[in-house]
Amino acid sequence: MAVWLKRGSTAAAKAELDRKVRDVVEATLADIDARGDAAVRELSVKFDGWDREDYRLSAAEIQDCIDQLTGQDLKDIEFAQTQVRNFAQIQRASMTDVEVETLPGVVLGHRHLPVNAAGCYVPGGKYPLLASAHMSVITAKVAGVPRVVTCAPPFGGKAAPAIVAAQAMAGADDIYVLGGIQAVGAMALGTQSMAAVDMLVGPGNAFVAEAKRQLFGRVGIDLFAGPTETLVIADEIGADGELCATDLLGQAEHGPDSPAILLTTSEALAHETMREIERLLQILPTADIARKAWETYGEVIVAEDAAEMVRIADEIASEHVQVMTADPDYFLKRMTNYGALFLGARTNVSFGDKVIGTNHTLPTKKAARFTGGLWVGKFIKTCTYQRVTTDAASAMIGEYCSRLCALEGFAGHGEQANVRVRRYGGRNVPYAGAAAPTPETVA
């Protein structure tokens, strides 16, 4: 039986916070839908202190942002984007169109078609998270999306040079300096100055995540990507307290509502990790945020064995799962609910977040139970088609279809089949409303 040495916020408290966020987002999106640019401008001024004639950056402004970075900065961005692009291209290559003759004269197939326009949100209120530009824009472009729009909030009262450079280098078609609900609302709903997109992607805070949830249906979304979550699964063979504490706080610094959980079979490692967390919180520059997250949402769980850790981990369904045990592959083979796995002490969530090549936009709030993270397939619609190439095939399929339609009482559907049986099979089939054809009647 697992023992919780530390628990996070209660489900009731989380639900109350979610309700407040939901109400704010609903009213804000309704305002954007009704007033367009005017509402967006008011929100940008109110929440970001940011106003300008056109929130879309000009080519000269984009180049100015790029020029503010050093040569090494640009090389580092290029390296990260190369890794992301390479893996995205491998993923795209795994998705093939198909066409097959399933019966004589019956051809079925599907095509993978990209959406026509995608809106990519790049968070940047607390930190200029340029990595999110790689993950969303590059992935959309590899998928073949013709128009990719990006929005990122101002940072320090201006466009964040690193984010803008990353967006441009990734291939964004339109770059806007807008944040929060007003950004995703404008992209999804459209305004007088911004054409609506077909799909929204990208991580964000609780308000951005809720806005995407409420907009789903009017546009597609990648997934519910709320506050960052991390789960560290460790034992005394695979890790020590310093590694566990570093990997927990490294994600807790995202925001005061970011859950960070240690799951272990070693009570000694659990206590060592908690001591290391307190030590690191004395020296970590982002300790103010990380401490709030740890105190409110941090958990420490001691399980009986590896099997129980798998069960608990799948119940948690965390966005990031760092596995530092004697046998990390044990979890790779058995776990089913996670956004991304980081196997062994040599890798970590930060590698995945920034540079290694897998996508860092991942499911949160237990959404890993039913979806994976952002990848090229999220931007692609798999659309089927069919072709019947012979009269005999049309008549044969028509006979089966007609009888099945009669079972359902769909006379109009049945007549679609019957007319083909008459026309291409030369058989005396009654019109809709009469008995469906049987093998005897069409003989």
Taking all protein chains as present, what is the carbon and sulfur share of the accessible area of the stretch 46-104, in % to the nearest whole number, probe 1.4 Å? 52
Between Lys366 and Ala60, what FRET efficiency follows from the Cβ-Cβ distance if R0 is 41 Å, with the result rounded to 0.05? 0.35
Here FRET efficiency (C-beta to C-beta, Leu103 to Asn428, R₀ 25 Å, nearest 0.05) is 0.55
Relative contact order for the stretch 314-443 using alpha-carbon pairs under 8 Å, separation at least 6, rounded to a whole percent? 17
Unit-weight point scatterers at every alpha-carbon of the stretch 245-397, Debye formula, q = 0.20 1/Å: log10 I(q)/I(0) is -1.38
Roll a 1.4 Å probe over the protein chains and send me the accessible area per residue for the chain in Å². 47
The helix 206-215 Cα axis meets the longest alpha-carbon principal axis of the chain at an angle in degrees, between 0 and 90 and rounded to 10, of 10
Per residue and in cubic angstrom, what volume does the convex hull of the Cα atoms of the stretch 288-351 have? 104
Which lysines, on any chain, are close to Lys20 with Cα under 27 Å apart, when same-chain ones fewer than 8 places away are left out? Lys6, Lys46, Lys126, Lys212, Lys292, Lys365, Lys366
Within the accessible area of the stretch 283-384 (1.4 Å probe), percent carbon and sulfur: 53
Coordinate range along principal axes, alpha carbons of the stretch 14-77, Å, largest first: 47, 33, 18
Show log10 I(q)/I(0) for the stretch 128-284 at q = 0.10, 0.11 Å⁻¹, two decimals, from a solvent-free Debye sum over equal Cα scatterers. -0.48, -0.56
What's the magnitude of the charge dipole for the chain around its Cα centre, counting Lys and Arg as +1 and Asp and Glu as -1 at the beta-carbon? Answer in Debye, nearest 20. 1420
Stick to Cα atoms and the Kirkwood definition of Rh, then tell me Rg/Rh for the chain. 1.09
Using Cα springs under 10 Å in a Gaussian network model of the chain, which residue among Glu210, Glu53, Glu276 shows the largest mean-square fluctuation? Glu53
Hey, what's the per residue convex hull volume over the C-alpha atoms of the stretch 118-186, in cubic angstrom? 68
Ranking request for peptides 170-181, 321-332: highest mean number of other beta-carbon atoms within 10 Å first, then the rest in descending order. 170-181, 321-332
Determine, from the Cβ-Cβ distance of Glu53 and Glu304 and an R0 of 41 Å, the FRET efficiency 1/(1 + (r/R0)^6), rounded to the nearest 0.05. 0.05
Of the residues Ala317, Ala159, Ala411, which exhibits the maximal mean-square fluctuation in a Gaussian network model of the chain defined by a 10 Å Cα contact cut-off? Ala411
For the pair Ser94/Ala195, report the inter-label distance in nm, with labels modelled 7 Å from Cα in the Cβ direction. 3.3
Could you give the angle, 0 to 90 degrees to the nearest 10, between helix 180-189's Cα long axis and the longest principal axis of the Cα atoms of the chain? 10
Using only alpha-carbon positions, what ratio does the radius of gyration of the stretch 195-329 give when scaled by 2.2 N^0.38 Å? 1.19
For Lys378, list the aspartates and glutamates whose Cα falls under 14 Å from its own Cα; do not include residues on the same chain fewer than 8 positions away. Asp198, Asp222
Extension gain (nm, one decimal) between His271 and Glu295, 0.36 nm per residue minus Cα-Cα: 7.1 nm
Semi-axes of the stretch 56-163's equivalent ellipsoid from the Cα gyration tensor, sqrt of 5 times each eigenvalue, largest first, rounded to whole Å? 38, 15, 11
Residue farthest toward the positive end of the dipole of the stretch 163-236, with Cβ of Lys/Arg at +1 and Asp/Glu at -1: which of Ile233, Gly204, Tyr176? Tyr176
Defining a contact as two alpha carbons under 8 Å apart and six or more residues distant in sequence, what relative contact order in percent does the stretch 1-111 show? 8
Taking only C-alpha pairs under 8 Å that are 6+ residues apart, what is the relative contact order of the chain in percent? 18
What percentages make up the Cα-Cα pair-distance distribution of the stretch 1-118 when the bins are 10 Å wide from 0? 9, 14, 18, 27, 21, 9, 1
Suppose we take every Cα in the stretch 242-308 and form the convex hull; what volume per residue is that in Å³? 74
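The values are calculated or read from the model by the stated rules, or taken from the named source; none is laboratory data. These numbers were taken from a predicted model, which means no experiment stands behind them. Don't worry about glycine lacking a Cβ; one is built from the backbone with ideal geometry, like all the others, and counts go over all protein chains shown. Please note that ligands, DNA and RNA were not included when accessible areas were found on the heavy atoms of the full protein model with its side chains. Shrake-Rupley method; radii C 1.70, N 1.55, O 1.52, S 1.80 Å.
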